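What follows is a single structure, written as structure tokens, with notes after it.
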Amino acid sequence: MIFGKEAALKKEIIKIGKKLYDLRLVVARAGNLSARLDNDNILVTKSGTSLGSLTLNDIIKVGLSNIENKPVTSEFPLHSLVYKNFPHKVIIHCHPPLVNAYFALYSDLKTLTFETKLYLGNIPVVAQDTPAITKPELVIDALKINNLVVIKNHGVVSIADKFSDALYLIESLEEAVKTASVARLFKKEILDDLDQELKNDLTQDQSYLMFSKEHIQAIVDLVNKDEFISQKGQELDLTLRLAIKLDGTDKAYRFNFEKGRIVKLDFDADAPFVISAPAEVWELVFLGKLDSFVAVTQGKMKLQGQLAQLSRWYVPFSRLFQIFKQVKIK
């Protein structure tokens, strides 16, 4: 008989499997689930099981480095590599039908709602040539950008600390795809022309050392020249102190906003709102591959202060983060 944490996790896996099946995010014997048991072991669904009708015997305990010839899912190499590279505790791999249909035709998610922009951001899409994921390292690279990744012509992989959070990302993506599809019925060009105003000119030759004073000052100069931020800053009274910090260093910069204009740049993190992250995450942000709001909601970046308070300035800040990538880094 199994007691304690292992028994509780198995019950969670059974519960989320049934919910995925009931939501038609997985059918038949497709998809697989896992949960971190401890530093060396995980619980994972057996090969050939139906997530909608799992039993305790369909979920097995395996070591991350040694599966001991157990009948694990064919996607075990992916699950193992995820747990070795990330601290997250659960993985959902399933095949949402609308998501699969959409990304079989399009390479980018056209975000039509603020909720999609805030919680999903840019969804990475990984090419797939076989029925099973044979190049899990590509998925690992994509998961550094977003906790939700689309595997083209196959399905999605979602990671989190709780199954509910991993599921919410998948549900949100399925709903976003549905919204974009319905919008296209009203205007067929919507998937081609959406958000053109947010596309940036990346033709400048000058590049800077990331998080150097010259790098941040170049961003400040562009922000203060941007008419959209100026307009929205006036309308929304964008007046606050916001700092960005590079983890593991003493590098921090404080933007002092007054009605959308950065009137002063200070070199500290003395602000009610501080966004911090390690260098590899900031690099993704400055390259335009990772949305800062999404990074905060997914735990890739830390925020000191309340996200809800910053959200009132979501529109100008979204433009601010778009401007980040206009300044090239070395």
Subject >> segment 276-299 and segment 118-177: distance between their alpha carbon centers, rounded to Å >> reply: 17
Subject >> Residue among LYS84, LYS117, LYS187 with the largest mean-square fluctuation in a Gaussian network model of the chain, springs linking Cα atoms under 10 Å >> reply: LYS187
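Starting from the Cα-Cα distance between ILE329 and LEU265, subtract it from 0.36 nm times their residue separation and give me the gain in nm to one decimal.
On the way: separation 64, 0.36 × 64 = 23.04 nm, distance 1.94 nm.
So the chain would gain 21.1 nm between ILE329 and LEU265.
Could you tally the net charge around VAL315, taking each other residue with its Cβ under 11 Å from the Cβ of VAL315, Lys/Arg +1 and Asp/Glu -1?
Numbers: positive: LYS117, LYS232, ARG312, ARG319; negative: GLU235.
Once all neighbours under 11 Å are counted, the net charge is +3.
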**OP:** Using +1 at the Cβ of each Lys and Arg and -1 at the Cβ of each Asp and Glu in the chain, identify which of ASN224, LEU120, ILE244 lies farthest towards the dipole's positive end.
**Re:** LEU120
**OP:** Measure off 7 Å from each Cα along the Cα-to-Cβ vector at THR113 and ASN256, then give the distance between these two points in nanometres to one decimal.
**Re:** 4.1
Subject >> Residues LEU54, LEU81 arranged by fewest to most Cβ contacts within 10 Å >> reply: LEU81, LEU54
Subject >> Dipole magnitude of the chain, debye to nearest 20 (Cβ charges: Lys/Arg +1, Asp/Glu -1, about Cα centre) >> reply: 660
Subject >> Residue of LEU148, LEU246, LEU56 that the Gaussian network model of the chain assigns the largest fluctuation, springs spanning Cα pairs under 10 Å >> reply: LEU56
Subject >> Cleavage-rule hits (chymotrypsin sites (Phe, Trp or Tyr not before Pro)) in segment 243-290: DSSP loop, at most 15 neighbouring Cβ within 10 angstrom >> reply: PHE267
Original post:
Looking at LEU43, ILE329, VAL281, which one has the Cα that reaches farthest to the positive end of the dipole of the chain (charges on Cβ: Lys, Arg +1; Asp, Glu -1)?
Top reply: LEU43
**OP:** Report the net charge of residues surrounding GLY17, where surrounding means a beta-carbon distance below 12 angstrom and charges are Lys +1, Arg +1, Asp -1, Glu -1.
**Re:** +4
Original post:
Quick one: if the Förster radius is 51 Å, what FRET efficiency do LEU287 and THR55 give, using the C-beta to C-beta distance and rounding to 0.05?
Top reply: 0.65
Subject >> Farthest toward positive dipole pole in the chain [+1 Lys/Arg, -1 Asp/Glu at C-beta], among PHE186, ALA8, VAL315 >> reply: ALA8
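Just flag the trypsin sites (Lys or Arg not before Pro) in segment 135-174 sitting in loop per DSSP whose Cβ has no more than 11 other Cβ atoms within 10 Å.
Numbers: sites: LYS144, LYS152, LYS162; in loops: LYS144, LYS152, LYS162.
Sites meeting the loop and neighbour criteria: none at all.
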Original post:
For segment 122-190, which GluC sites (Glu not before Pro) are both in a DSSP coil and crowded by at most 11 other Cβ atoms within 10 Å?
Top reply: GLU189
**OP:** Arrange the following residues from fewest to most other Cβ atoms within 10 Å of their Cβ: VAL263, VAL139.
**Re:** VAL263, VAL139
Subject >> Computed helical MRE - 222 nm, the chain, DSSP H runs ≥ 4 contributing -39500 (n - 2.57), nearest 500 >> reply: -11500 deg cm²/dmol
Original post:
Expressed as a rounded percentage, what relative contact order does segment 1-104 have, with Cα pairs under 8 Å and six or more residues apart?
Top reply: 30
Subject >> Environment charge of LYS5, counting only residues whose C-beta is closer than 15 Å and scoring Lys/Arg +1, Asp/Glu -1 >> reply: +1
**OP:** Could you tell me, in Å, what Rg and Dmax come out for the Cα atoms of the chain?
**Re:** 21.7, 67
**OP:** Please give, to one decimal in nm, the separation of the simple spin-label points placed at THR249 and TYR314, each 7 Å out from Cα toward the Cβ.
**Re:** 3.1
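Could you work out the relative contact order of the chain? I mean the mean sequence separation of Cα pairs under 8 Å and 6+ apart, divided by the number of residues, in percent.
Values: 559 pairs, mean separation 45.1, N = 330.
This gives 14 percent for the chain.
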**OP:** Please give the helix 213-225 orientation as an angle from the longest Cα principal axis of the chain, in degrees from 0 to 90, rounded to the nearest 10.
**Re:** 70
Original post:
Most mobile of GLY305, GLY121, GLY155 per a Gaussian network model of the chain (Cα springs, under 10 Å)?
Top reply: GLY305
Subject >> Cross-link partners of LYS10 among lysines (Cα-Cα below 27 Å; sequence separation of 8 or more within a chain) >> reply: LYS18, LYS19, LYS46, LYS61, LYS70, LYS84, LYS89, LYS162
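All of the numbers you see were taken from the coordinates with simple rules; none came from a lab. Note that this is a predicted model, so its numbers are computed, not measured. Don't worry about glycine lacking a Cβ; one is built from the backbone with ideal geometry, like all the others, and counts go over all protein chains shown.
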